[in-house]
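The values are calculated or read from the model by the stated rules, or taken from the named source; none is laboratory data. Just so we're clear, the structure is a prediction, and the values are computed from it rather than from any experiment. Backbone-built Cβ (ideal geometry, glycine too); neighbour counts: all protein chains shown.
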Amino acid sequence: MKESFELKDQLVKNSAWGMINSLINRIGGFILIVLISRMLMPEGFGRYSLAMTIALFFITFSDMGINQSLIRYVSLEIDKDEGKAISYLKYLFKIRFLLTLTVSLILLAGSHILSVYIFKDPSLFFPLIILSIYVFFISLTSFFESLFFIKKNVKYLSAKEFFSVLFRLICLLGIWFFISSSSKLNWIFISLTSFSILAFLFIFCLSKKKYISLFNSKEIPIDKKDISHFLLFINIQNISILILSNFTVLLLGIFLNSEFVGYYTSSWALVSGVISLLFSFSYVFIPILTNAKEETFKFLLKKIFRISLILALPISFGLSLLSKFFILSIYGEAYLTAAIPLSILAFVIPLLVGINLALDSFSARNKQKKFAIFMLVSAFAFIFLNYIFIKLLSTNSGKIALAGVSILNLVIWLICFLSAIYLLKKELKINLISKDLFKPLLSSLVMSAFILSSLYFVGQLTLVTGIVIILSSMIIYFSFLYMIKGITKEDLALIKQTFQRK
(Lines give C-alpha, C1' and ligand atoms only; values in the text may rest on other atoms or scores of the structure.)
Protein backbone atom coordinates (compact mmCIF):
# COMPACT_ATOMS: atom_id res chain seq x y z
CA MET A 1 0.00 0.00 0.00
CA LYS A 2 2.88 2.32 0.84
CA GLU A 3 4.42 1.72 -2.60
CA SER A 4 1.08 2.61 -4.20
CA PHE A 5 1.01 6.03 -2.54
CA GLU A 6 4.71 6.68 -3.24
CA LEU A 7 4.39 5.82 -6.92
CA LYS A 8 1.15 7.75 -7.22
CA ASP A 9 2.89 10.80 -5.72
CA GLN A 10 5.87 10.29 -8.06
CA LEU A 11 3.57 9.95 -11.05
CA VAL A 12 1.73 13.17 -10.18
CA LYS A 13 4.99 15.09 -9.67
CA ASN A 14 6.65 13.94 -12.87
CA SER A 15 3.53 13.98 -15.01
CA ALA A 16 3.14 17.65 -14.04
CA TRP A 17 6.56 18.43 -15.56
CA GLY A 18 5.74 16.10 -18.44
CA MET A 19 2.52 18.06 -18.95
CA ILE A 20 4.39 21.39 -18.91
CA ASN A 21 6.97 20.04 -21.36
CA SER A 22 4.26 18.70 -23.64
CA LEU A 23 2.17 21.86 -23.39
CA ILE A 24 5.11 23.98 -24.52
CA ASN A 25 5.98 21.47 -27.24
CA ARG A 26 2.49 20.84 -28.57
CA ILE A 27 0.87 24.24 -28.15
CA GLY A 28 4.00 26.02 -29.35
CA GLY A 29 4.43 23.52 -32.16
CA PHE A 30 0.80 23.86 -33.17
CA ILE A 31 1.08 27.65 -33.30
CA LEU A 32 4.10 27.24 -35.57
CA ILE A 33 2.20 24.79 -37.80
CA VAL A 34 -0.69 27.25 -38.11
CA LEU A 35 1.74 30.03 -39.05
CA ILE A 36 3.41 27.80 -41.63
CA SER A 37 0.06 26.69 -43.08
CA ARG A 38 -1.15 30.27 -43.42
CA MET A 39 2.19 31.40 -44.85
CA LEU A 40 2.46 28.65 -47.47
CA MET A 41 -1.26 28.08 -48.19
CA PRO A 42 -2.59 24.53 -48.92
CA GLU A 43 -0.27 23.70 -51.82
CA GLY A 44 2.94 24.84 -50.13
CA PHE A 45 1.85 23.41 -46.79
CA GLY A 46 1.22 20.10 -48.53
CA ARG A 47 4.84 20.08 -49.73
CA TYR A 48 6.04 20.98 -46.25
CA SER A 49 3.97 18.19 -44.69
CA LEU A 50 5.12 15.64 -47.25
CA ALA A 51 8.80 16.47 -46.70
CA MET A 52 8.40 16.35 -42.91
CA THR A 53 6.57 13.02 -43.11
CA ILE A 54 9.43 11.55 -45.14
CA ALA A 55 11.87 12.87 -42.52
CA LEU A 56 9.73 11.35 -39.75
CA PHE A 57 10.00 7.91 -41.34
CA PHE A 58 13.79 8.21 -41.44
CA ILE A 59 13.86 9.45 -37.82
CA THR A 60 11.85 6.41 -36.73
CA PHE A 61 14.24 4.06 -38.53
CA SER A 62 17.16 5.81 -36.84
CA ASP A 63 15.55 5.15 -33.46
CA MET A 64 14.49 1.51 -33.96
CA GLY A 65 13.14 1.43 -30.40
CA ILE A 66 16.47 2.43 -28.85
CA ASN A 67 15.03 5.35 -26.84
CA GLN A 68 12.41 3.12 -25.22
CA SER A 69 15.02 0.42 -24.59
CA LEU A 70 17.30 3.00 -22.97
CA ILE A 71 14.51 4.17 -20.66
CA ARG A 72 13.53 0.62 -19.72
CA TYR A 73 16.94 -0.97 -19.11
CA VAL A 74 18.67 2.00 -17.50
CA SER A 75 15.61 2.61 -15.28
CA LEU A 76 15.81 -0.98 -14.05
CA GLU A 77 19.51 -0.76 -13.15
CA ILE A 78 20.21 2.89 -12.27
CA ASP A 79 19.46 2.44 -8.55
CA LYS A 80 20.69 -1.15 -8.31
CA ASP A 81 23.87 -1.38 -10.38
CA GLU A 82 25.12 1.89 -11.86
CA GLY A 83 27.89 0.14 -13.79
CA LYS A 84 25.35 -1.99 -15.58
CA ALA A 85 23.17 1.05 -16.31
CA ILE A 86 26.19 2.82 -17.82
CA SER A 87 26.99 -0.22 -19.95
CA TYR A 88 23.43 -0.23 -21.33
CA LEU A 89 23.72 3.50 -22.09
CA LYS A 90 27.01 3.20 -23.99
CA TYR A 91 26.00 0.07 -25.89
CA LEU A 92 22.70 1.60 -27.02
CA PHE A 93 24.40 4.87 -27.98
CA LYS A 94 26.82 3.05 -30.29
CA ILE A 95 23.90 1.41 -32.07
CA ARG A 96 21.95 4.68 -32.22
CA PHE A 97 24.84 6.68 -33.65
CA LEU A 98 25.54 4.17 -36.43
CA LEU A 99 21.85 3.89 -37.33
CA THR A 100 21.38 7.66 -37.32
CA LEU A 101 24.40 8.24 -39.54
CA THR A 102 23.29 5.51 -41.94
CA VAL A 103 19.68 6.67 -42.40
CA SER A 104 20.78 10.31 -42.76
CA LEU A 105 23.15 9.36 -45.56
CA ILE A 106 20.45 7.25 -47.23
CA LEU A 107 18.04 10.21 -47.18
CA LEU A 108 20.78 12.46 -48.57
CA ALA A 109 21.55 10.02 -51.39
CA GLY A 110 17.90 9.28 -52.13
CA SER A 111 16.60 12.85 -52.17
CA HIS A 112 16.64 13.09 -55.96
CA ILE A 113 14.87 9.75 -56.48
CA LEU A 114 12.18 10.56 -53.88
CA SER A 115 11.45 14.05 -55.18
CA VAL A 116 11.63 13.48 -58.94
CA TYR A 117 10.61 9.86 -59.55
CA ILE A 118 8.35 8.89 -56.61
CA PHE A 119 6.50 12.10 -55.68
CA LYS A 120 7.12 13.80 -59.06
CA ASP A 121 7.81 17.14 -57.40
CA PRO A 122 11.37 18.44 -57.97
CA SER A 123 10.76 21.28 -55.50
CA LEU A 124 11.10 18.67 -52.72
CA PHE A 125 14.74 17.97 -53.62
CA PHE A 126 16.40 20.79 -51.68
CA PRO A 127 14.16 20.39 -48.56
CA LEU A 128 15.05 16.67 -48.41
CA ILE A 129 18.77 17.48 -48.66
CA ILE A 130 18.45 19.87 -45.72
CA LEU A 131 16.27 17.42 -43.77
CA SER A 132 18.96 14.71 -44.00
CA ILE A 133 21.02 16.92 -41.65
CA TYR A 134 17.93 17.56 -39.50
CA VAL A 135 17.31 13.81 -39.14
CA PHE A 136 20.86 13.26 -37.87
CA PHE A 137 20.81 15.90 -35.13
CA ILE A 138 17.19 15.57 -34.00
CA SER A 139 17.62 11.79 -33.64
CA LEU A 140 20.69 12.11 -31.42
CA THR A 141 18.98 14.85 -29.40
CA SER A 142 16.05 12.56 -28.58
CA PHE A 143 18.47 9.88 -27.35
CA PHE A 144 20.05 12.19 -24.76
CA GLU A 145 16.64 13.61 -23.80
CA SER A 146 15.70 10.11 -22.65
CA LEU A 147 18.24 10.44 -19.80
CA PHE A 148 16.13 13.20 -18.28
CA PHE A 149 13.06 10.95 -18.25
CA ILE A 150 15.08 8.16 -16.61
CA LYS A 151 16.41 10.52 -13.92
CA LYS A 152 12.96 12.13 -13.67
CA ASN A 153 14.37 15.59 -14.44
CA VAL A 154 11.81 16.46 -17.08
CA LYS A 155 11.86 20.11 -15.99
CA TYR A 156 15.13 20.70 -17.88
CA LEU A 157 13.44 19.72 -21.13
CA SER A 158 10.75 22.35 -20.56
CA ALA A 159 13.39 25.10 -20.81
CA LYS A 160 14.72 23.56 -24.01
CA GLU A 161 11.20 23.37 -25.50
CA PHE A 162 10.44 26.99 -24.56
CA PHE A 163 13.53 28.35 -26.29
CA SER A 164 12.92 25.97 -29.19
CA VAL A 165 9.48 27.42 -29.83
CA LEU A 166 10.73 30.99 -29.34
CA PHE A 167 13.66 30.49 -31.76
CA ARG A 168 11.47 28.95 -34.45
CA LEU A 169 8.77 31.59 -34.01
CA ILE A 170 11.29 34.41 -34.53
CA CYS A 171 12.71 32.64 -37.59
CA LEU A 172 9.24 32.07 -39.07
CA LEU A 173 8.20 35.68 -38.62
CA GLY A 174 11.46 36.77 -40.27
CA ILE A 175 10.84 34.42 -43.19
CA TRP A 176 7.24 35.60 -43.52
CA PHE A 177 8.14 39.30 -43.76
CA PHE A 178 11.57 39.31 -45.41
CA ILE A 179 11.77 36.26 -47.71
CA SER A 180 10.12 36.01 -51.12
CA SER A 181 7.25 33.54 -51.58
CA SER A 182 9.23 31.24 -53.85
CA SER A 183 11.99 30.77 -51.23
CA LYS A 184 9.88 30.56 -48.06
CA LEU A 185 9.63 26.76 -47.99
CA ASN A 186 13.39 26.22 -48.30
CA TRP A 187 14.19 28.78 -45.61
CA ILE A 188 11.71 27.15 -43.21
CA PHE A 189 13.68 23.90 -43.48
CA ILE A 190 17.01 25.71 -43.12
CA SER A 191 15.83 27.36 -39.87
CA LEU A 192 14.41 24.07 -38.60
CA THR A 193 17.69 22.27 -39.22
CA SER A 194 19.72 25.09 -37.66
CA PHE A 195 17.67 24.74 -34.49
CA SER A 196 18.16 20.95 -34.43
CA ILE A 197 21.94 21.52 -34.29
CA LEU A 198 21.61 24.04 -31.44
CA ALA A 199 19.20 21.75 -29.56
CA PHE A 200 21.62 18.84 -29.83
CA LEU A 201 24.54 20.89 -28.47
CA PHE A 202 22.40 22.11 -25.56
CA ILE A 203 21.05 18.68 -24.56
CA PHE A 204 24.40 16.92 -25.01
CA CYS A 205 26.31 19.43 -22.87
CA LEU A 206 23.59 19.45 -20.20
CA SER A 207 23.55 15.63 -20.13
CA LYS A 208 27.32 15.47 -19.58
CA LYS A 209 27.08 18.06 -16.83
CA LYS A 210 24.12 16.55 -14.98
CA TYR A 211 24.93 12.87 -15.38
CA ILE A 212 28.72 12.88 -15.50
CA SER A 213 29.00 9.42 -13.91
CA LEU A 214 27.02 7.90 -16.78
CA PHE A 215 29.68 9.03 -19.24
CA ASN A 216 32.90 8.38 -17.32
CA SER A 217 32.46 5.09 -15.46
CA LYS A 218 33.69 1.71 -16.70
CA GLU A 219 31.47 -0.71 -18.55
CA ILE A 220 30.56 -4.20 -17.36
CA PRO A 221 29.08 -7.17 -19.29
CA ILE A 222 25.34 -6.94 -20.08
CA ASP A 223 22.74 -9.26 -21.61
CA LYS A 224 22.75 -8.03 -25.20
CA LYS A 225 20.50 -10.88 -26.31
CA ASP A 226 17.70 -9.64 -24.05
CA ILE A 227 18.09 -6.12 -25.47
CA SER A 228 17.92 -7.47 -29.03
CA HIS A 229 14.70 -9.32 -28.21
CA PHE A 230 13.18 -6.18 -26.69
CA LEU A 231 14.34 -4.02 -29.61
CA LEU A 232 12.82 -6.38 -32.17
CA PHE A 233 9.26 -6.04 -30.92
CA ILE A 234 9.59 -2.36 -30.03
CA ASN A 235 10.72 -1.78 -33.63
CA ILE A 236 7.70 -3.65 -34.96
CA GLN A 237 5.43 -1.55 -32.73
CA ASN A 238 6.98 1.79 -33.63
CA ILE A 239 7.13 1.15 -37.36
CA SER A 240 3.53 -0.09 -37.33
CA ILE A 241 2.36 3.02 -35.44
CA LEU A 242 4.30 5.22 -37.85
CA ILE A 243 2.69 3.57 -40.87
CA LEU A 244 -0.80 3.78 -39.39
CA SER A 245 -0.33 7.44 -38.43
CA ASN A 246 1.52 8.87 -41.42
CA PHE A 247 1.59 6.59 -44.46
CA THR A 248 -1.64 8.12 -45.76
CA VAL A 249 0.24 11.41 -46.26
CA LEU A 250 2.81 9.70 -48.51
CA LEU A 251 0.12 8.00 -50.62
CA LEU A 252 -1.85 11.24 -50.94
CA GLY A 253 1.39 12.90 -52.09
CA ILE A 254 1.81 10.27 -54.81
CA PHE A 255 -1.77 10.24 -56.17
CA LEU A 256 -3.22 13.70 -55.41
CA ASN A 257 -2.17 17.30 -55.74
CA SER A 258 -0.16 18.70 -52.83
CA GLU A 259 -3.05 20.85 -51.53
CA PHE A 260 -4.93 17.68 -50.53
CA VAL A 261 -1.90 16.63 -48.50
CA GLY A 262 -2.19 20.03 -46.82
CA TYR A 263 -5.90 19.52 -46.07
CA TYR A 264 -5.34 16.08 -44.57
CA THR A 265 -2.26 17.10 -42.58
CA SER A 266 -3.93 20.19 -41.11
CA SER A 267 -6.80 18.06 -39.77
CA TRP A 268 -4.45 15.36 -38.48
CA ALA A 269 -2.33 18.02 -36.77
CA LEU A 270 -5.34 18.99 -34.64
CA VAL A 271 -6.10 15.36 -33.78
CA SER A 272 -2.52 14.33 -32.98
CA GLY A 273 -1.98 17.52 -30.97
CA VAL A 274 -4.91 16.66 -28.71
CA ILE A 275 -3.67 13.07 -28.34
CA SER A 276 -0.19 14.25 -27.35
CA LEU A 277 -1.60 16.59 -24.71
CA LEU A 278 -3.82 13.87 -23.25
CA PHE A 279 -0.88 11.50 -23.09
CA SER A 280 1.77 14.06 -22.21
CA PHE A 281 3.23 11.95 -19.39
CA SER A 282 3.88 8.88 -21.55
CA TYR A 283 7.67 8.81 -21.15
CA VAL A 284 7.38 9.50 -17.41
CA PHE A 285 4.88 6.67 -17.18
CA ILE A 286 7.24 3.92 -18.49
CA PRO A 287 10.05 4.06 -15.86
CA ILE A 288 7.50 4.28 -13.02
CA LEU A 289 5.48 1.28 -14.21
CA THR A 290 8.64 -0.69 -15.01
CA ASN A 291 9.50 -0.72 -11.31
CA ALA A 292 5.95 -0.97 -9.94
CA LYS A 293 4.61 -4.12 -8.31
CA GLU A 294 1.68 -5.94 -9.90
CA GLU A 295 -1.22 -4.41 -7.96
CA THR A 296 0.22 -0.89 -8.12
CA PHE A 297 0.79 -1.32 -11.85
CA LYS A 298 -2.87 -2.25 -12.41
CA PHE A 299 -4.12 0.55 -10.15
CA LEU A 300 -2.15 3.28 -11.95
CA LEU A 301 -2.99 1.98 -15.42
CA LYS A 302 -6.74 1.90 -14.74
CA LYS A 303 -6.66 5.34 -13.13
CA ILE A 304 -4.80 6.96 -16.03
CA PHE A 305 -6.99 5.25 -18.65
CA ARG A 306 -10.19 6.36 -16.94
CA ILE A 307 -9.16 9.99 -16.56
CA SER A 308 -7.76 10.08 -20.11
CA LEU A 309 -11.06 8.78 -21.50
CA ILE A 310 -13.07 11.28 -19.45
CA LEU A 311 -11.12 14.02 -21.21
CA ALA A 312 -10.79 12.41 -24.65
CA LEU A 313 -14.42 11.52 -25.40
CA PRO A 314 -15.98 15.01 -25.19
CA ILE A 315 -13.05 16.49 -27.14
CA SER A 316 -13.55 14.01 -29.98
CA PHE A 317 -17.32 14.67 -30.18
CA GLY A 318 -16.86 18.44 -29.97
CA LEU A 319 -14.05 18.48 -32.54
CA SER A 320 -16.14 16.43 -34.95
CA LEU A 321 -19.34 18.44 -34.68
CA LEU A 322 -17.55 21.79 -34.79
CA SER A 323 -14.93 20.77 -37.36
CA LYS A 324 -15.86 23.55 -39.79
CA PHE A 325 -15.60 26.18 -37.03
CA PHE A 326 -12.17 24.94 -35.88
CA ILE A 327 -10.75 24.80 -39.41
CA LEU A 328 -12.01 28.28 -40.32
CA SER A 329 -10.86 29.81 -37.03
CA ILE A 330 -7.41 28.21 -37.01
CA TYR A 331 -6.36 27.76 -40.63
CA GLY A 332 -8.63 30.09 -42.58
CA GLU A 333 -11.14 29.69 -45.41
CA ALA A 334 -8.53 28.29 -47.79
CA TYR A 335 -8.45 25.09 -45.68
CA LEU A 336 -12.22 24.57 -45.40
CA THR A 337 -11.95 21.19 -47.19
CA ALA A 338 -9.98 19.93 -44.16
CA ALA A 339 -13.23 19.93 -42.15
CA ILE A 340 -14.20 16.68 -43.93
CA PRO A 341 -11.32 14.51 -42.61
CA LEU A 342 -11.35 16.30 -39.22
CA SER A 343 -15.00 15.41 -38.56
CA ILE A 344 -14.08 11.73 -39.02
CA LEU A 345 -10.57 11.57 -37.57
CA ALA A 346 -11.67 13.31 -34.35
CA PHE A 347 -12.99 9.95 -33.10
CA VAL A 348 -9.49 8.45 -33.37
CA ILE A 349 -8.51 10.47 -30.24
CA PRO A 350 -9.90 8.13 -27.51
CA LEU A 351 -8.76 5.08 -29.49
CA LEU A 352 -5.15 6.24 -29.70
CA VAL A 353 -5.10 7.20 -26.02
CA GLY A 354 -5.98 3.59 -25.16
CA ILE A 355 -3.49 2.17 -27.68
CA ASN A 356 -0.64 4.34 -26.37
CA LEU A 357 -1.34 3.21 -22.80
CA ALA A 358 -1.37 -0.42 -23.93
CA LEU A 359 1.93 -0.03 -25.81
CA ASP A 360 3.65 1.51 -22.79
CA SER A 361 2.20 -1.15 -20.50
CA PHE A 362 3.42 -4.02 -22.67
CA SER A 363 6.85 -2.35 -22.91
CA ALA A 364 7.06 -1.86 -19.15
CA ARG A 365 6.31 -5.56 -18.61
CA ASN A 366 8.35 -6.74 -21.65
CA LYS A 367 5.32 -8.52 -23.09
CA GLN A 368 4.85 -6.67 -26.35
CA LYS A 369 5.33 -9.62 -28.72
CA LYS A 370 1.72 -10.51 -29.57
CA PHE A 371 0.47 -6.95 -29.85
CA ALA A 372 3.52 -5.95 -31.92
CA ILE A 373 2.84 -8.75 -34.40
CA PHE A 374 -0.83 -7.78 -34.63
CA MET A 375 0.11 -4.12 -35.22
CA LEU A 376 2.48 -5.14 -38.01
CA VAL A 377 -0.24 -7.16 -39.76
CA SER A 378 -2.61 -4.20 -39.35
CA ALA A 379 -0.01 -1.84 -40.81
CA PHE A 380 0.44 -3.95 -43.96
CA ALA A 381 -3.34 -4.26 -44.36
CA PHE A 382 -3.58 -0.51 -43.87
CA ILE A 383 -1.03 0.20 -46.61
CA PHE A 384 -2.84 -2.08 -49.06
CA LEU A 385 -6.33 -0.73 -48.30
CA ASN A 386 -5.14 2.89 -48.33
CA TYR A 387 -3.49 2.35 -51.69
CA ILE A 388 -6.69 0.84 -53.15
CA PHE A 389 -8.93 3.55 -51.62
CA ILE A 390 -6.82 6.50 -52.74
CA LYS A 391 -6.12 5.09 -56.23
CA LEU A 392 -9.80 4.38 -56.89
CA LEU A 393 -11.34 7.42 -55.20
CA SER A 394 -8.82 9.96 -56.52
CA THR A 395 -10.13 9.42 -60.05
CA ASN A 396 -13.49 10.89 -58.97
CA SER A 397 -12.73 13.60 -56.45
CA GLY A 398 -9.97 14.59 -54.04
CA LYS A 399 -12.59 15.36 -51.38
CA ILE A 400 -14.11 11.88 -51.71
CA ALA A 401 -10.61 10.38 -51.41
CA LEU A 402 -10.01 12.36 -48.20
CA ALA A 403 -13.30 11.16 -46.70
CA GLY A 404 -12.63 7.55 -47.74
CA VAL A 405 -9.12 7.30 -46.29
CA SER A 406 -10.27 9.06 -43.09
CA ILE A 407 -13.01 6.47 -42.57
CA LEU A 408 -10.49 3.70 -43.27
CA ASN A 409 -8.10 5.22 -40.71
CA LEU A 410 -10.85 5.29 -38.09
CA VAL A 411 -11.84 1.66 -38.69
CA ILE A 412 -8.24 0.40 -38.52
CA TRP A 413 -7.55 2.30 -35.28
CA LEU A 414 -10.79 0.93 -33.77
CA ILE A 415 -9.65 -2.63 -34.53
CA CYS A 416 -6.24 -1.90 -32.99
CA PHE A 417 -7.87 -0.42 -29.88
CA LEU A 418 -10.14 -3.43 -29.34
CA SER A 419 -7.17 -5.75 -29.83
CA ALA A 420 -5.12 -3.78 -27.29
CA ILE A 421 -7.90 -4.04 -24.70
CA TYR A 422 -8.22 -7.79 -25.35
CA LEU A 423 -4.47 -8.44 -25.06
CA LEU A 424 -4.17 -6.36 -21.89
CA LYS A 425 -6.79 -8.59 -20.32
CA LYS A 426 -5.23 -11.79 -21.65
CA GLU A 427 -1.51 -11.05 -21.19
CA LEU A 428 -1.46 -8.71 -18.17
CA LYS A 429 -4.78 -9.68 -16.53
CA ILE A 430 -6.01 -6.08 -16.66
CA ASN A 431 -9.57 -5.26 -17.72
CA LEU A 432 -9.73 -1.57 -18.59
CA ILE A 433 -13.34 -1.63 -19.75
CA SER A 434 -15.93 -1.21 -17.00
CA LYS A 435 -19.48 0.10 -16.84
CA ASP A 436 -18.19 3.38 -15.38
CA LEU A 437 -16.60 4.18 -18.75
CA PHE A 438 -20.03 4.40 -20.39
CA LYS A 439 -20.86 7.42 -18.24
CA PRO A 440 -18.41 9.70 -20.09
CA LEU A 441 -19.88 8.39 -23.36
CA LEU A 442 -23.43 9.20 -22.24
CA SER A 443 -22.32 12.64 -21.06
CA SER A 444 -20.64 13.24 -24.43
CA LEU A 445 -23.89 12.37 -26.22
CA VAL A 446 -25.81 14.84 -24.04
CA MET A 447 -23.19 17.48 -24.82
CA SER A 448 -23.45 16.65 -28.54
CA ALA A 449 -27.22 17.16 -28.45
CA PHE A 450 -26.62 20.63 -27.02
CA ILE A 451 -24.05 21.45 -29.72
CA LEU A 452 -26.34 20.29 -32.54
CA SER A 453 -29.32 22.25 -31.20
CA SER A 454 -27.11 25.32 -30.81
CA LEU A 455 -25.89 25.00 -34.41
CA TYR A 456 -29.51 24.70 -35.58
CA PHE A 457 -30.64 27.89 -33.83
CA VAL A 458 -27.47 29.98 -34.30
CA GLY A 459 -26.66 29.01 -37.88
CA GLN A 460 -23.32 30.35 -39.09
CA LEU A 461 -20.90 30.53 -36.16
CA THR A 462 -18.79 33.57 -35.44
CA LEU A 463 -15.67 33.42 -33.29
CA VAL A 464 -17.59 34.69 -30.26
CA THR A 465 -20.62 32.38 -30.61
CA GLY A 466 -18.31 29.44 -31.28
CA ILE A 467 -16.32 30.06 -28.09
CA VAL A 468 -19.57 30.48 -26.10
CA ILE A 469 -20.88 27.13 -27.40
CA ILE A 470 -17.57 25.38 -26.60
CA LEU A 471 -17.46 26.72 -23.03
CA SER A 472 -21.14 25.93 -22.48
CA SER A 473 -20.61 22.42 -23.82
CA MET A 474 -17.77 21.84 -21.35
CA ILE A 475 -19.97 22.95 -18.45
CA ILE A 476 -22.84 20.72 -19.57
CA TYR A 477 -20.53 17.72 -20.03
CA PHE A 478 -18.83 17.88 -16.64
CA SER A 479 -22.03 18.84 -14.81
CA PHE A 480 -23.93 15.88 -16.26
CA LEU A 481 -20.96 13.57 -15.67
CA TYR A 482 -20.78 14.66 -12.02
CA MET A 483 -24.55 14.20 -11.60
CA ILE A 484 -24.42 10.59 -12.79
CA LYS A 485 -21.28 9.98 -10.67
CA GLY A 486 -19.07 9.46 -13.69
CA ILE A 487 -16.34 11.52 -12.06
CA THR A 488 -15.46 11.43 -8.36
CA LYS A 489 -13.91 13.93 -5.99
CA GLU A 490 -10.79 11.74 -5.99
CA ASP A 491 -10.53 12.07 -9.78
CA LEU A 492 -10.91 15.85 -9.58
CA ALA A 493 -8.30 16.02 -6.81
CA LEU A 494 -5.82 13.98 -8.87
CA ILE A 495 -6.34 16.19 -11.95
CA LYS A 496 -5.95 19.31 -9.78
CA GLN A 497 -2.79 17.90 -8.18
CA THR A 498 -1.29 17.14 -11.57
CA PHE A 499 -1.63 20.74 -12.72
CA GLN A 500 -0.66 22.35 -9.40
CA ARG A 501 2.28 20.19 -8.35
CA LYS A 502 5.65 21.89 -8.79
Restricting the stretch 424-447 to residues that are modelled with pLDDT of 80 or more, among the hydrophobic types (A, V, I, L, M, F, W, C) and touching a Phe, Trp or Tyr at 6+ places or on another chain (Cβ under 6 Å), the one surrounded by the fewest Cβ atoms within 10 Å (Cβ to Cβ) turns out to be Val446
The number of residues in the stretch 366-404 that are surrounded by 17 or more Cβ atoms within 10 Å (Cβ to Cβ) and within 22 Å of Leu300 (Cβ to Cβ) is 2
By residue number, the members of the stretch 117-132 that are under 15 Å from Ile190 (Cβ atoms) and of a type in the set (Val, Ile, Thr) are Ile129, Ile130
Condition test on Phe499, is it among the aromatic types (Phe, Trp, Tyr), under 28 Å from the mean Cα position of the chain (by Cα) and modelled with pLDDT under 90? yes
Q.
Among the residues that make up the stretch 441-461, is at least one of them under 26 Å from the mean Cα position of the chain (by Cα), assigned to a helix (DSSP H, G or I) and under 18 Å from Asn356 (Cα atoms)?
A. no
Residue pairs within 6 Å by beta carbon, gap of at least six or interchain, first lying in the stretch 427-439 and over 16 Å from Leu351 (Cα atoms), second at pLDDT 80 or above and not basic (Lys, Arg), listed first then second, are Ile430/Leu424; Lys439/Ile484
Only one of Leu402, Leu410 is in contact with a Pro (Cβ under 9 Å, 6 or more places away or on another chain), among the aliphatic types (A, V, I, L, M) and either within 18 Å of Phe374 (Cβ to Cβ) or at pLDDT 85 or above (or both), namely Leu402
Per the list (1) crowded, with 24+ Cβ neighbours inside 10 Å; (2) closer than 22 Å to Gln237 by Cβ; (3) modelled with pLDDT under 85, residue check on Ile54 breaks on (3)
In the set Phe281, Phe305, Phe317, the lone residue that is at pLDDT 90 or above and among the aromatic types (Phe, Trp, Tyr) is Phe317
From the option list Leu250, Leu192, Leu214, Leu270, single residue qualifying as at pLDDT below 85 and part of a helix (DSSP H, G or I) is Leu214
Residue count, the stretch 90-145, condition surrounded by fewer than 20 Cβ atoms within 10 Å (Cβ to Cβ), touching a Leu at 6+ places or on another chain (Cβ under 8 Å) and either on the phi > 0 side of the Ramachandran plot or of a type in the set (S, T, N, Q) (or both), comes to 1
Picked from the stretch 251-269 (must be of a type outside the set (S, T, N, Q) and out of contact with any helix residue (DSSP H, G or I) (no Cβ under 6 Å at 6 or more places or on another chain)), the residue surrounded by the most Cβ atoms within 10 Å (Cβ to Cβ) is Trp268
Screening Leu40, Leu89, Leu32 for residues that are modelled with pLDDT of 75 or more, of a type in the set (A, V, I, L, M, F, W, C) and more than 30 Å from Asn186 (Cβ to Cβ) leaves only Leu89
For the stretch 118-129, the count of residues that are under 18 Å from Gly46 (Cβ atoms) and in a helix (DSSP H, G or I) equals 8
